[in-house]
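The values are calculated or read from the model by the stated rules, or taken from the named source; none is laboratory data. Please read all numbers here as calculations on a predicted model, not as lab measurements. All Cβ positions, even for glycine, are placed from backbone atoms using ideal geometry, and neighbour counts span all protein chains on display. For the accessible areas, the whole protein counts, side chains as well, though only heavy atoms, and no ligand, DNA or RNA atoms are used. Shrake-Rupley method; radii C 1.70, N 1.55, O 1.52, S 1.80 Å.
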Amino acid sequence: MTRDADEAVACTGLTYSFGETNAVDGLDLTVVRGEVFGLLGPNGAGKTTAIRCITTLLPVPARMVHVFGRDAAREAMAVRRLLGYVPQQLSADAGLTGRENVALFARVFDVHRSERAERVAQALAAVDLSEAADRLAGTYSGGMIRRLELAQALVSAPRLLILDEPTIGLDPIARTGVWEHINAVRAATGMTVLVTTHYMDEADQYCDRVGLMHRGRVRALGTPSELRQGLGERRGAKATDPLPTLEDVFRDVAGSGLDDQSGEFRDVRSTRRTARRVG
Ligand SMILES: Nc1ncnc2c1ncn2[C@@H]1O[C@H](COP(=O)(O)OP(=O)(O)OP(=O)(O)O)[C@@H](O)[C@H]1O
């Protein structure tokens with residue numbers, strides 16, 4: 001099948017179940033080349049599962065997931081070569097220096113030996129870690145660790161960068177730092193970015209489009225301002241009224257189940273998921 005040349009990611013009726021749990025349930029989603037797309041949703045909405053299908057870490061049937069036109073089921077290796085992935089779980093080794101951590105990824109992602117040192121240095125520079133590169137990662141702050149993981153994902157020069165809650169648990173300055181580095185690399189390379197976040201203010205500020213996911217599917221899709229204006233219109237707001245926030249849109253989409261399932265949206269911490277999986 002010929003895919004649209006504008007598509008970086010296309011999920012078509014993507015479904016993935018863990019036993020009886022339909023984590024992703026008929027997800028249709030297109031990420032356009034060059035955009036920053038935010039996948040939002042309460043805990044358990046299926047965001048990470050969808051991302052793991054896109055990265056080929058979870059197996060999917062043919063024709064459900066395409067990355068730059070490559071079928072994730074049939075051409076998994078080709079898909080992997082196109083993307084960089086920063087998972088929720090820590091992926092940096094505290095006992096290695098920043099440079100050694102990135103060099104490890106350069107080897108894993110098969111960056112040619114003759115280019116490796118330079119590409120590692122470039123990736124570290126892109127996230128402002130050149131000076132700290134030869135310190136052990138165990139001495140880094142939370143924000144520096146996140147930027148190091150970004151460098152690890154960038155060292156293979158991916159066309160698609162996938163980030164699962166890249167700023168969770170960081171202070172506001174460190175969060176801004178992570179986003180500024182993502183944006184700078186995107187501007188320089190034209191890379192496409194697919195990101196999940198629980199921070200509505202970040203999605204509003206940094207994402208070109210967002211998809212609000214709930215119970216395994218995208219329930220609302222658009223630019224942050226389109227979604228906010230749409231809710232204002234549905235509520236019969238006057239032109240002079242302040243626009244609803246993206247969090248209002250989110251609550252509207254996720255409905256009353258949100259409070260039962262997810263607690264206070266801004267307070268979500270990935271440790272809950274880690275505890276659930278480990279436990
Ligand atoms: N490895 C697993 N085994 C069993 N069930 C799982 C597993 N991973 C996820 N699930 C279940 O699948 C559903 C979707 O989970 P998923 O982690 O994809 O959601 P999420 O939107 O990423 O949530 P969060 O915001 O907490 O990261 C949940 O009901 C979850 O409990």
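What the table below lists for this structure:
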read-out	value
Cβ crowding within 10 Å averaged over residues, with 111-117, 74-80, 165-171 ranked highest first	165-171, 74-80, 111-117
Within-10-Å neighbourhood charge of Val60 [Cβ basis; K, R +1; D, E -1]	+1
Two-decimal ratio, the chain, of alpha-carbon radius of gyration to 2.2 N^0.38 Å	1.01
Per-residue HN-Hα couplings for segment 48-56 [Karplus 6.51, -1.76, 1.60; θ = phi - 60°; Hz; x = Gly/Pro]	5, 4, 4, 5, 5, 5, 5, 7, 6
Sorted peptide list for 11-22, 89-100, criterion being average Cβ within 10 angstrom, highest first	89-100, 11-22
Accessible area of the chain belonging to carbon and sulfur atoms, whole % at 1.4 Å probe	50
At 1.306 mPa s and 10 °C, Stokes diffusion of segment 56-190 via Kirkwood alpha-carbon radius, µm² per second	103
Average projection area in nm² (convex hull over Cα atoms of segment 44-90, one quarter of hull surface)	3.6
Amide hydrogen neighbours beyond the local backbone of Leu163, cut-off 5 Å, H modeled	Val86, Leu194, Val195, Thr196
Gly34 long-range amide H proximity, modeled H, under 5 Å	Thr192, Val193
Between segment 57-108 and segment 21-48, the Cα center-to-center distance that results, in Å	17
